[in-house]
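Everything on this sheet refers to the single structure shown next.
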Amino acid sequence: VLAVPVLFKQALENTTVEEGKSVSLCCELTKADAAVVWKKGEATLQASAKYEMKQKGTVAELVIHNAEPEDA
């Protein structure tokens, strides 16, 4: 069986947020419940009080709480 690659149906878009607020980054995939890894540069982000990862069907979301300039 040939595995079909998971692709982005809707990629991330640049988002602006006030410092100290929360921001949500979403992307849509071609396959439901595909494994998603969020990274900043080479570093893999882990779920924490700052980073909240959600996934429902084909939509993956990263919420960054208390945004700071370093989160750019």
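The values are calculated or read from the model by the stated rules, or taken from the named source; none is laboratory data. Just so you know, these numbers come straight off a predicted model, no measurement behind them. Glycine gets a Cβ as well: all are built from the backbone with ideal geometry, and neighbour counts include every protein chain shown. These area figures cover heavy atoms from the full protein model, side chains too; ligands, DNA and RNA do not enter into them. Shrake-Rupley method; radii C 1.70, N 1.55, O 1.52, S 1.80 Å.
Computed values, structure above
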{"quantity": "First in the stretch 2-13 and touching a residue at least 40 places away in the same chain (Cβ under 8 Å), second anywhere and in a loop (DSSP other than H, G, I, E, B) and surrounded by 10 or more Cβ atoms within 10 Å (Cβ to Cβ), Cβ under 9 Å, 6 or more apart", "calculated": "Lys9/Thr30; Lys9/Thr58"}
{"quantity": "Within the stretch 28-66, considering residues that are touching a Lys or Arg at 6+ places or on another chain (Cβ under 6 Å) and open to solvent by less than 60 Å² (accessible area, probe 1.4 Å), the one nearest to Ala11 (Cα to Cα)", "calculated": "Glu28"}
